[in-house]
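The values are calculated or read from the model by the stated rules, or taken from the named source; none is laboratory data. Treat the numbers as computed from the prediction; the structure is a model and nothing was measured. Cβ: placed from backbone, ideal geometry, glycine included. Neighbour counts: every protein chain shown. To get the accessible areas, we keep the full protein, side chains included, count just its heavy atoms, and leave off ligands, DNA and RNA. Shrake-Rupley method; radii C 1.70, N 1.55, O 1.52, S 1.80 Å.
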Amino acid sequence: MMKTSPALNRRRFLQASLLASTALAAATLPRRSLAAVTKTQRDPFHGLKMGLTTYTLRKFTLDQAIGMTKQAGVKYISLKEVHLPLKSTPEQRKEARKKVEDAGLVLMGGGVIYIKDNEDEIHNVFEYAKDAGMATIVCSPDPEALDKVEKAATVYDLRIAIHNHGPGDKRYPSPLDVLRMVKDRDARMGICMDVGHTVRIGEDPVVAIEKCSNRLYEFHMKDVTEAAARGASTTVGQGVIDIVAVLTALIKIKFPWHVALEYEANGDAPMPGVLQSFAYMRGVLAAL
């Protein structure tokens with residue numbers, strides 16, 4: 001069972017009350033207005049590289065996902081395979097990279113990619129990331145493949161961020177499970193902490209951030225309805241996760257990699273939830 005201090009709980013309650021109207025209002029802002037608000041703020045994210053993982057936008061094309069990321073007022077993006085298939089050609093990968101860059105976005109990585117203990121598959125994953133210009137491969141490799149993945153990471157000089165998937169994941173339910181498997185390996189072998197799944201398994205996300213900080217190479221931001229296996233994705237700020245404490249912890253460790261919103265609800269129409277989530281986080285950060 002996670003525990004938070006009375007001060008944090010009071011703080012969260014006050015901010016939730018104050019920011020609810022802000023989040024709802026921001027969700028109705030037209031694209032130009034949202035861009036203007038973002039432009040006038042020096043750094044609304046306190047140095048955090050806030051962006052989107054395109055699993056959020058899985059029902060849309062790559063071109064649409066790029067446009068929707070810009071609409072959200074962020075510039076960082078990680079691509080899911082639906083937007084750039086692993087079976088794509090080097091030319092297709094470079095074309096996707098150019099589309100992202102031409103839109104003024106920064107491609108941080110790709111995934112989650114499931115990696116089997118197969119030399120050819122591992123080689124293709126690393127070629128895929130290299131061709132697309134991804135510095136971080138967010139993945140879930142077979143434990144038996146870790147030696148081969150580590151070797152490839154050193155050859156290609158790419159970071160590996162193994163994603164935890166909570167109660168249903170027998171291999172990597174917690175970011176701390178990942179940490180135990182990578183802490184003595186090459187420094188390129190690291191963690192993608194999914195805060196929603198971490199909370200669903202009953203762990204304190206702030207403690208996990210602090211323990212994993214030296215190997216934390218991507219962070220999936222979300223909120224969930226319950227700190228239990230049945231907890232479902234919801235708009236950030238409307239669930240049980242102490243977002244204030246999570247963002248404070250990331251700032252405290254000066255997290256330099258991608259903080260990617262992964263909003264899994266409402267796949268057919270995700271943008272209201274996306275805009276509300278970012279509005280809430282901007283409001284929280286403005287109050288820190």
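For this structure, a couple of remarks:
- Any hit, region 266-281, residues being part of a loop (DSSP other than H, G, I, E, B), of a type in the set (D, E, K, R) and either more than 15 Å from the chain's Cα centre (by Cα) or surrounded by 15 or more Cβ atoms within 10 Å (Cβ to Cβ) (or both): yes
- Contacts under 8 angstrom Cβ, first residue in region 125-137 being on the phi < 0 side of the Ramachandran plot, partner assigned to a loop (DSSP other than H, G, I, E, B) and among the aromatic types (Phe, Trp, Tyr), 6 or more apart: Thr136/Trp257
- The residue list Gly231, Gly196, Gly237, Gly202 contains one member that is in contact (Cβ under 8 Å) with a residue 60 or more places away in the chain, surrounded by fewer than 23 Cβ atoms within 10 Å (Cβ to Cβ) and not basic (Lys, Arg), which is Gly202.
- Residue in region 103-121 that is in a helix (DSSP H, G or I) and either closer than 25 Å to Glu262 by Cα or among the hydrophobic types (A, V, I, L, M, F, W, C) (or both) present: no
- The set of residues in region 88-128 that are within 19 Å of Ala161 (Cα to Cα) and either under 17 Å from the mean Cα position of the chain (by Cα) or among the aromatic types (Phe, Trp, Tyr) (or both) comprises Val106, Leu107, Met108, Gly109, Gly110, Gly111, Val112, Ile113, Tyr114, Phe126, Tyr128.
- When Phe255 is tested against (1) farther than 29 Å from Asp184 by Cα; (2) open to solvent by less than 10 Å² (accessible area, probe 1.4 Å), exactly one condition is not met: (1).
- Inter-residue pairs, beta-carbon under 8 Å, first within 24 Å of Tyr217 (Cβ to Cβ) and in region 89-116, second buried (at least 22 other Cβ atoms within 10 Å of the Cβ) and of a type in the set (Asp, Glu), 6+ apart: Met108/Glu218; Gly109/Glu218
- Residue tally, condition among the aliphatic types (A, V, I, L, M) and open to solvent by 20 Å² or more (accessible area, probe 1.4 Å), over region 73-96: 2
- Filter result for the condition that a residue is open to solvent by 60 Å² or more (accessible area, probe 1.4 Å), touching a residue at least 24 places away in the same chain (Cβ under 8 Å) and in a helix (DSSP H, G or I), over Lys70, Lys59: Lys70
- Within region 127-151, the set of residues being surrounded by fewer than 21 Cβ atoms within 10 Å (Cβ to Cβ) and closer than 21 Å to Leu84 by Cα comprises Glu127, Lys130, Asp131, Gly133, Ala135, Ser140.
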